[in-house]
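Computed from the coordinates by the stated procedures, all read-outs in this text should not be read as laboratory data. Model, not experiment: these values are computed from the prediction. Heads up, the Cβs are rebuilt from the backbone with ideal geometry, glycines too, and the neighbour counts pull from every protein chain shown.
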Amino acid sequence: MNAPTYDPNPPTELTVDQINLADPGFWLRDDYHAALTLLREHKPISWHQHPDSGKGFWSFVDYDDIIEVTRDYEHFSSKYGIRVHHDHGTGQVRPGTGIMIEMDPPEQTRNRRHVSRGFTPRQIKKMEGYVRDQARSIVGEFTAGQEIDFVEQIAARLPMEIICDIMGVDKEDRQYLLDLSNQTLGDQDPDYGGTPEEGTKAVFALREYGVALAAKRLKDPKDDLISEIARIEEDGHHLPPEQIGAFFALLIAAGNETTRTAITHGMWAFTTHPEQKQKFLEDPVGLEMSAAEEIIRWATPLRHMGRVLEHDIEYKGHHMRKGEKIAIWYAASNRDPRVFADPFTFDITRDPNVHQSFGGGGAHFCLGANLARREVWVLFQELFARFPDAVALEPPVRLRSVQVNGIKSLKVRL
Ligand code: HEM
């Protein structure tokens, strides 16, 4: 079969002033990369407003500015929320969430310490055999030539199984948690609830599940992360239930959708770039790290992260006021030609590849980066070892979202 034709960067007819990054519909356009390039060249910092995004927000699309914003948490705070399509009012976006990704140092640093030891490179390397067994068992359910929905039947399952095993979630509850995690991140897509209220409900349901599981493990500990979190004591007290629930919800949601998105974009990229797939087939181990890194850059599973101004600031001639929302667009910075040679070329040997898919550095840099990279390369090694001819048959069906570069389905023939 010929590879489906695909132009990763078709030209745009939009003018700079017509570009509205706050509109979820914008992200369903094929020309959005060309529009981001226009913005980077003409208006690297700009204001965007849309009915779906309430009070509007400032957009940063320049690679270096994103590093600056990410590091300067004293001005650009995470504690009022990280999703620019929610409004912040006076308190937090989701009242009482208390989730570390929505905190600033030193509070965030203290919280991160509780869970970070589960995610060190050493810890993750120890999981290699286990991640591989899971991947092998998932692809082993299928036969050559079978047509499947790659998202639901393969890509969504590996990250879910792994994070649920790390946390200690019972097998029979995993689909329920997967549905909830879809709802938290798909809150602008009618197929997953489509409203911030539904998203919030799903976050609280995830938290409740985590609190109940921690209480169970406190009485009857097992070798899992929720048992460890339940046992933590600060000043002679266990962590409060809301904090345990927050850890649980964050790890389940963060570990799921993003990695699934990377894997699915990877499948589409390998289909539309058969020469890259051939390279990978010839040296799946030698290219594992660079291929995973390029897939994650190419996919940019989270298009942006949000921050809120804690103080007024004059930034590069723009007067920004306390309380205003900021979006930092990795979707743009990961295609910056000053940083990436031929940014619209999918090249699994790319080196260096200092993309910003896991964040622009700083305190919140993705805790699961090493796990995600490993899941991506192991999945493709196992998939292509069994099904070297696996290809996508048609373009992906994309999620409606300003934040998640999600794919809802991808038809693949194995
Ligand atoms: C390709 C997959 C992934 C991508 C693209 C991704 C992306 C990100 C980004 C952009 C951030 C925020 C950075 C910032 O605000 O500066 C983040 C934070 C985080 N990620 Fe990931 N992530 C991925 C996979 C994972 C996995 C598998 C886990 C598993 C546990 C995870 C757990 C977290 C956590 C806990 C945080 C919050 C860290 C903190 O606030 O200190 N992520 N991730």
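Past the 25 angstrom mark, what percentage of all C-alpha to C-alpha distances in the range 270-414 do you count?
Numbers: 3894 of 10440 pairs.
For the range 270-414, the fraction of Cα-Cα distances above 25 Å is 37 percent.
In the calculated pair distance distribution of the range 2-85, what percentage of Cα-Cα distances lie above 14 Å?
Numbers: 2412 of 3486 pairs.
The answer is 69 percent, as a whole percent.
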* How big is the gap, in Å, between the Cα center of the range 367-406 and the Cα center of the range 268-293? -> 12
* Principal axis dimensions, largest first and in whole angstrom, of the range 93-181 by Cα -> 53, 33, 21
* How big is the Rg/Rh ratio for the range 16-413, C-alpha atoms only, Rh by Kirkwood, two decimals? -> 0.95
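Based on the alpha-carbon gyration tensor of the range 350-414, what equivalent-ellipsoid semi-axes (square roots of 5 times the eigenvalues) come out, in whole Å, largest first? Provide the component values of the computation, followed by the final result.
On the way: eigenvalues 138, 70, 22 Å².
That gives 26, 19, 10 Å for the three semi-axes.
Using a 10 Å cut-off on Cβ atoms, rank the peptides 235-243, 26-34, 76-84 from the highest mean neighbour count down. Before the final figure, lay out the partial values.
Values: 235-243: 12.6, 26-34: 17.0, 76-84: 23.7.
Packing proxy ranking, top to bottom: 76-84, 26-34, 235-243.
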* What does the convex hull of the Cα atoms come to per residue for the range 186-284, in Å³? -> 146
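Per residue of the chain, what 222 nm ellipticity follows from adding -39500 (n - 2.57) for every DSSP H run with n ≥ 4, rounded to the nearest 500? Mind showing how you got there, number by number?
On the way: 14 runs with 177 residues, N = 414.
Helices in the chain give a 222 nm mean residue ellipticity of -13500 deg cm²/dmol.
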* Asked: Which lysines, on any chain, are close to residue 126 with Cα under 30 Å apart, when same-chain ones fewer than 8 places away are left out?
  -> 171, 216, 219, 222, 277, 279
* Asked: Magnitude of the Cβ-charge dipole of the chain, K/R +1 and D/E -1, about the Cα centre, nearest 20 debye?
  -> 600
* **Ranked packing of 258-268, 162-172, most packed first, by mean Cβ within 10 Å** => 258-268, 162-172
* Under a cut-off of 24 Å between alpha-carbon atoms, report the lysines in cross-link reach of residue 55, not counting same-chain residues fewer than 8 places apart. => 43, 79, 201, 316, 322, 325
